[in-house]
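Data first, discussion second: the structure below is written as structure tokens.
We did not get these values from a lab; they are worked out from the coordinates using the rules stated. Just so you know, these numbers come straight off a predicted model, no measurement behind them. Cβ sites come from the backbone with ideal geometry, for glycine too, and all protein chains shown count toward neighbours.
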Amino acid sequence: MIVLDPTQPSDADSASAGLPLAPRLDTLEGKSIGLWSNQKLNASQLLEFIREELAKDYNFTIVPGIYDPGRLMDEHEWGDLLDCDAVILANGDCGACSTSGIANAIEMEKKGIPAVLVSTTPFTDAVITTTRMSNMPAIEWAIVDHPIGSLDETHLRQRAQHAASQIPAVMFGEDLRAAAE
Amino acid sequence: MNETLQFDVSDFDEANEFYHAKGWTDGLPIIPPTPEKVARFLDAAGLEADSKIGYYNEREIPVYAEKLAINAVMAGCLPEYFPVVVAIVEAMLEHDFPTHVVNTSTGSFTIGFIVNGPIRHKLGMNFHGNMLGPGNRANSSIGRAVRLIQINTLASIAGAGGEPHEHGRPKLDRSMMGQPAKYAGYHIIENEEAFPSLLPVHVERGFAPEDSTITLMFTSGYNWICAHSEQTPDAWIDTMAHYIVGAGNLRPSGCAALLLPIENAALFANAGWTKADIREALYDGTRRSVAWLKREGWKVSFQRPRLEEVEPGDEENFMAVAGSASPDELFVVPCGGPAGSWPYYLQGMMNAVTRKIRTPS
């Protein structure tokens with residue numbers, strides 16, 4: 001009896017090579033940094049705390065934005081994205097927001113804008129899989145402990161500090177995973 | 001499209017063991033999808049194997065008719081059911097439908113689809129007792145086909161928390177608990193004939209009565225409510241509104257479905273109420289002031305106004321905290337057995353989409 005395969009590979013499976021990242025920054029000094037919130041619990045507050053952390057080392061301007069927590073954004077929904085030299089996206093502490101978050105970050109990278117998602121540890125494998133399905137396996141993101149949405153200010157600031165310690169390296173093109181190993 | 005891989009197995013049992021080992025099932029036995037059966041399904045929908053149904057943006061997966069037919073065979077569908085499966089998947093892949101949330105969220109969501117029009121009779125679908133299952137082949141297998149498509153074609157492998165891969169496939173369905181309705185969804189078939197004055201969902205949404213449609217939503221599950229002692233429309237609305245709010249899934253956005261028992265639908269039809277009247281009354285009945293929300297300790301859309309102080313203006317600031325974004329986004333569906341007053345309320349999330357079911361002429 002002949003039977004058929006019910007699965008469908010992503011387009012990336014037949015692609016010859018991974019898509020390139022956007023050109024990286026050499027500093028955040030004087031740059032316009034997008035803070036893109038998916039408006040889930042604590043997302044905007046986390047971005048504000050990250051801004052405060054990064055502002056200790058760099059002078060930069062802010063471009064606020066929002067994105068959908070559950071899907072890839074359309075071109076006309078991006079707001080002032082093209083005004084940004086780089087973007088930070090938060091947050092990813094559930095399945096849909098972490099994987100759609102990295103998918104949206106990949107779209108930003110395709111437009112030439114370095115993008116850093118902040119996502120929590122339980123979703124690392126799902127984020128990795130999404131980067132492969134979107135054919136951009138080289139993209140990095142900031143990984144912090146779970147959760148984000150239910151934290152009080154003290155713990156949320158700790159998450160922000162941890163994220164902020166990773167974000168410049170991602171924007172500069174340093175290999176976080178290799179460094180960790 | 002890439003050529004579909006074929007495998008040679010000795011019999012039904014070996015086929016099932018092979019598909020289980022590959023992680024291509026929902027844990028239950030499947031009907032082996034042979035090329036002959038798949039071809040009959042495609043013919044029934046007037047589609048070619050490489051007919052493109054849509055594209056799953058977040059995972060960059062092109063979706064072709066052949067893959068849908070393979071999964072529909074596996075689910076136990078008959079060929080004539082296949083156009084319904086296709087319409088549901090087309091709706092899933094529309095921009096306005098949050099398929100990625102259903103496929104990936106920790107919220108253990110599942111789809112619900114309301115079937116309207118002549119196809120209900122053509123396929124022998126059940127809108128009487130046990131409509132949601134078990135028992136009716138079309139009701140059950142169409143919903144199961146969509147779940148298998150989510151698993152196989154849309155790459156939503158369940159089981160997060162153990163090994164990151166199941167049978168070599170990454171676990172992208174991050175449901176925390178899952179739920180029984182993920183096997184076959186909420187297959188909601190409207191009893192359009194019982195009360196003609198209560199216009200069917202598809203007619204209210206602009207389709208002709210002779211059109212066959214599906215209206216797709218997604219939901220976390222249903223609230224089961226007793227309404228046996230409410231013998232006037234107003235009393236029924238009052239009870240429902242209180243229990244819907246009391247269920248605690250308070251959202252000022254999205255859609256919802258009300259599965260209206262025949263006994264209860266008679267109350268409204270005999271009193272001259274339309275579905276619009278029911279929707280408006282429930283919408284009004286679930287409005288609460290912001291001050292009330294804070295004092296009573298509720299969350300709204302997962303936010304926590306209970307932690308906030310009541311401020312000037314909160315007493316006068318009312319919002320619809322349960323049900324739907326607007327009265328128009330509440331689907332009232334007469335259905336179920338001839339006796340019993342157990343309405344089901346399905347709180348949806350985000351948008352619903354209605355699609356016409358296309359069958360070859």
Kindly work out what percent of the DSSP beta bridges joining two residues of the protein assembly as shown are antiparallel, to the nearest 5. 55 percent
The protein assembly as shown - Debye-derived log10 I(q)/I(0), Cα point model, q = 0.06, 0.07, 0.10 Å⁻¹: -0.32, -0.44, -0.87
Helix-only [θ]222 nm of the protein assembly as shown, DSSP H runs n ≥ 4, -39500 (n - 2.57) each, per residue, nearest 500: -10000 deg cm²/dmol
In sequence order, calculated HN-Hα J values of segment B:61-70 (Karplus, 6.51, -1.76, 1.60; Hz; x Gly/Pro): 10, x, 10, 10, 4, 4, 5, 5, 5, 4
Rg to Rh quotient for segment B:41-160, alpha carbon positions, Kirkwood Rh: 0.95
Near the amide H of B:Ile30, under 5 Å away, which other amide H atoms are found, from residues 5 or more places off or on another chain, if H is placed in the peptide plane? none
Take segment B:172-321, compute every pairwise Cα distance, and split them into 5 Å bins from 0; I just need the percent in each bin. 2, 7, 15, 17, 18, 16, 13, 8, 4, 1, 0
Along segment B:191-198, what does the Karplus equation 6.51 cos²θ - 1.76 cosθ + 1.60 (θ = phi - 60°) give for ³J(HN,Hα), rounded to whole Hz, x for Gly and Pro? 7, 7, 8, 5, 9, x, 6, 8
10 Å Cβ neighbours from other chains, averaged over peptide A:71-80: 2
Given 4 °C and 1.567 mPa s, compute D for segment B:12-356 with the Stokes-Einstein relation, Rh being the Kirkwood radius over Cα pairs; round to the nearest whole µm²/s. 62 µm²/s
Cα pair distances in segment A:1-82, grouped into 5 Å bins until the bin that holds the longest one, percent each: 3, 10, 14, 15, 16, 14, 9, 7, 4, 3, 2, 2, 1, 0
Counting sequence-distant residues (5 or more places) and residues on other chains, those with an amide H built under 5 Å from that of B:Phe331 are B:Ala256, B:Ala257, B:Leu258
Using modelled amide H (1.01 Å from N, peptide plane; none on Pro or chain starts), what sits under 5 Å from the amide H of A:Met136, excluding residues fewer than 5 places away? A:Leu19
From the P(r) of segment A:86-150, could you give the percentage of C-alpha pairs in the tail past 19 Å? 20 percent
Take every DSSP beta bridge with both residues inside segment B:12-356 and express the antiparallel ones as a percent of the total, to the nearest 5. 75 percent
Kirkwood Rh and Cα Rg combined as Rg over Rh, evaluated for segment A:23-180: 0.92
Order the peptides B:339-345, B:22-28 from the highest to the lowest mean number of other Cβ atoms within 10 Å of their residues. B:339-345, B:22-28
